[in-house]
Amino acid sequence: MKCNSIVMVKQVPDTSNISGDVMRPDGTVNRAKLPTVFNPDDKVALELALDLRDRFGGKVTAITMGPAKAGELLRECLYMGADEVHLITDRNFGGADTLATSYTLSEAIKQLGPYDLIFAGRQAIDGDTAQVGPQTAEKLRIPQITYAEKILDLKEDGILVKRRIDDGYEILESSLPLLITVLKEAATPRPFKARRLMALKRARTRLELEKEAASPGELEKLIADYASKGLYIRTWSREDLGIELERCGIEGSPTKVHKIESVVLSSEGHQQVPPTSEGIGNLLDSLIEEHFFG
Ligand SMILES: Cc1cc2nc3c(=O)[nH]c(=O)nc-3n(C[C@H](O)[C@H](O)[C@H](O)COP(=O)(O)OP(=O)(O)OC[C@H]3O[C@@H](n4cnc5c(N)ncnc54)[C@H](O)[C@@H]3O)c2cc1C
């Protein structure tokens, strides 16, 4: 049994090192200045797909919907061992909420041919909604298993997955194809292979080659040349996918992110709690009073 997998990966602002000039005077974060990273859960999702390919054979395809900059993320997928990568990018995809994002990704997946498994991270560290995986499965009308922490077995007619639940775990069996969202603890991503990095660091998307080409004709020649060397990162625009503008990007998004503010914890207004039962009792009373719990 071969296993062909598609992995949905996202490039996210590195919210773990917010400092210096990314902080605006009003305490909000200038996201455009944040360095970007490979969404941690997605790197683990890619590792699970690569591991299954190494054990059963097949192909691993990584896809991302993102701006031109996301070419970097796809090169990292190649360095880890992905066989194929695709960039889904278009100005019309900007401002997409999870409904529009999952619509666009599901339409792209329909064009990538047959697959046995789709892997996604449980959630992205920026939007944090954990919605895109399940929504994509719904649009593709395939079953889904979320919060997966281990693939126990894979056969022609099905798969066995261990998933985390609140007070423990459960073992689920499913037919294929299936979409799985993966927990960060499910595996340790393999390091980039130096040989692959040297061979594939010149891989380019259409948007990156556009910067090198003086004319549309020259661009097509460049793409053909890169593709012949296995260095062209397939790039899909809304037109290439043939999908509805009204369902993409901000047009297709009932949810609009109005403003993102980071909670800046300051030292003002803190109080010392004496480590006595009375002290802690008073603290609990005030927390209940302020409806923090109870
Ligand atoms: C602070 C903040 C709050 C937001 N709140 C909402 C909200 O309440 N509702 C809403 O609809 N939108 C919201 N958004 C917009 C939302 O972030 C985007 O729609 C985003 O593209 C997908 O949602 P997510 O980041 O929550 O991803 P999640 O649903 O958490 O991502 C889960 C997995 O889906 C895959 N995935 C997600 N995005 C992509 C992509 N672009 N390409 C490939 N794979 C991908 C990855 O495998 C990822 O691990 C918010 C954005 C921000 C920054």
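The values are calculated or read from the model by the stated rules, or taken from the named source; none is laboratory data. Just so it is clear, the structure is predicted and the values come from calculations on it, not from any experiment. Positions of Cβ are backbone-derived with ideal geometry, glycine not excepted, and every protein chain shown enters the neighbour counts. Protein only, heavy atoms only, side chains kept; ligands, DNA and RNA dropped before computing areas. Shrake-Rupley method; radii C 1.70, N 1.55, O 1.52, S 1.80 Å.
For segment 7-59, filtering for residues that are at pLDDT 95 or above, near the ligand (Cβ under 10 Å from one of its atoms) and either closer than 21 Å to residue 175 by Cβ or open to solvent by less than 20 Å² (accessible area, probe 1.4 Å) (or both) leaves 9. When only residues in segment 60-92 that are touching a Ser or Thr at 6+ places or on another chain (Cβ under 8 Å) and hydroxyl-bearing (Ser, Thr, Tyr) count, which is surrounded by the most Cβ atoms within 10 Å (Cβ to Cβ)? Looking at residues that are touching a Ser or Thr at 6+ places or on another chain (Cβ under 8 Å) and hydroxyl-bearing (Ser, Thr, Tyr), I get 89.
Within segment 111-145, take every residue that is among the β-branched types (Val, Ile, Thr) and buried (at least 21 other Cβ atoms within 10 Å of the Cβ) and give me the one that is nearest to the ligand (Cβ to nearest atom). Show your work before the answer.
Residues of segment 111-145 among the β-branched types (Val, Ile, Thr): 118, 125, 129, 132, 136, 142, 145.
Imposing the further condition that a residue be buried (at least 21 other Cβ atoms within 10 Å of the Cβ) reduces the set to 118, 132, 136, 145.
Details: 118: 9, 132: 3, 136: 7, 145: 14 Å.
Among those residues, the one meeting the criterion is 132.
Among residues of segment 77-99 that are charged (D, E, K, R), those with a beta-carbon under 7 Å from a residue that is surrounded by fewer than 22 Cβ atoms within 10 Å (Cβ to Cβ) and assigned to a loop (DSSP other than H, G, I, E, B) at least six positions away or on a different chain give the pairs 83/59; 84/59; 90/237; 97/253; 97/254; 97/255. A residue that is within 24 Å of the chain's Cα centre (by Cα), within 15 Å of the ligand (Cβ to nearest atom), within 30 Å of residue 94 (Cα to Cα) and at pLDDT 95 or above can be found somewhere in segment 214-234.
Only a single item in (1) assigned to a strand (DSSP E or B); (2) open to solvent by less than 40 Å² (accessible area, probe 1.4 Å); (3) not small (Gly, Ala, Ser) is not met by residue 170, and it is number (2). Surrounded by 16 or more Cβ atoms within 10 Å (Cβ to Cβ) and either polar (S, T, N, Q) or closer than 20 Å to residue 10 by Cβ (or both): is that true of residue 154 in this structure? Answer is no for this residue. Taken together, the residues in segment 195-214 that are within 30 Å of residue 148 (Cα to Cα) and of a type in the set (A, V, I, L, M, F, W, C) amount to 1.
Is there a residue in segment 263-279 that is surrounded by 11 or more Cβ atoms within 10 Å (Cβ to Cβ), within 16 Å of the ligand (Cβ to nearest atom) and modelled with pLDDT under 90? Walk me through how you get there before you give the answer.
Applying the first criterion (surrounded by 11 or more Cβ atoms within 10 Å (Cβ to Cβ)) to segment 263-279 yields 264, 273, 279.
Still in the running and within 16 Å of the ligand (Cβ to nearest atom): 264.
Filter once more, keeping what is modelled with pLDDT under 90: 264.
Yes: one or more hits.
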